[in-house]
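Heads up: the structure comes next, in structure tokens.
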Amino acid sequence: MLRATAHPLRLQMLSLLTGAELSAAEVARELGITQANASYHLRFLLEAGLIVLAGEERVRGGRAKKYRHQWDSAADDAAGTASEADRQASVSALAAAISTRYADREPGRQLFTDADLWLRPEVWQEAFDLLERASRLVHEQAQQPRTPGTVRTNLSVAAFPLKTASRGTR
């Protein structure tokens, strides 16, 4: 699963498919890539269990498969069993995606937080639960790309406890 998210294009596809059921042709148009490239990456995501086949539609005498992504925090927890190399590749792809999205931001209200700090366990749990609720909210409320009355947004969350530093290091 993590290997599937270790590619920036597949991260974009997961975001698109969170709020919409799209075909390979629609994904290709939205991302400015070929339909063959979109199909290849969609198959990769489907085989990894990150997207599902949401149906089919008739298009010019043929059939187009529609895909969608349903975010699941339990799947994120399951990623903890992946290899260290796969986890690192996924983190690197997410970092690159954040950088790309940051360059495409609109002026206005923004939130940037980075913290390496010590908290009481109950405070950490409360913060984690709030982040999980925010993640679930944006995924559940996501709309099709360019839906009237919507704004394109970014929410990237990486929240995890850190190893206790050795005495004298920090």
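Any residue in the range 67-83 that is within 18 Å of the chain's Cα centre (by Cα), surrounded by 14 or more Cβ atoms within 10 Å (Cβ to Cβ), at pLDDT 85 or above and not basic (Lys, Arg)? The answer is yes; a qualifying residue exists.
The set of residues in the range 21-54 that are surrounded by fewer than 20 Cβ atoms within 10 Å (Cβ to Cβ), hydrophobic (A, V, I, L, M, F, W, C) and not in a helix (DSSP H, G or I) comprises Ile33, Ala48, Val52, Leu53, Ala54. Listed by first and then second residue, the pairs with beta-carbon distance under 7 Å, at least 6 apart or on different chains, first residue in the range 91-116 and of a type outside the set (A, V, I, L, M), second at pLDDT 90 or above, are Arg101/Asn154; Asp116/Leu162. Among the criteria (1) in a helix (DSSP H, G or I); (2) touching a residue at least 60 places away in the same chain (Cβ under 8 Å); (3) among the charged types (D, E, K, R), the one Arg3 does not fulfil is (1).
Taking (1) modelled with pLDDT under 95; (2) surrounded by 11 or more Cβ atoms within 10 Å (Cβ to Cβ) in turn, Leu131 satisfies each apart from (1).
The values are calculated or read from the model by the stated rules, or taken from the named source; none is laboratory data. Since we're looking at a predicted model, the values are computed, not measured. Virtual Cβ from ideal backbone geometry, glycine too; neighbours counted across all protein chains shown.
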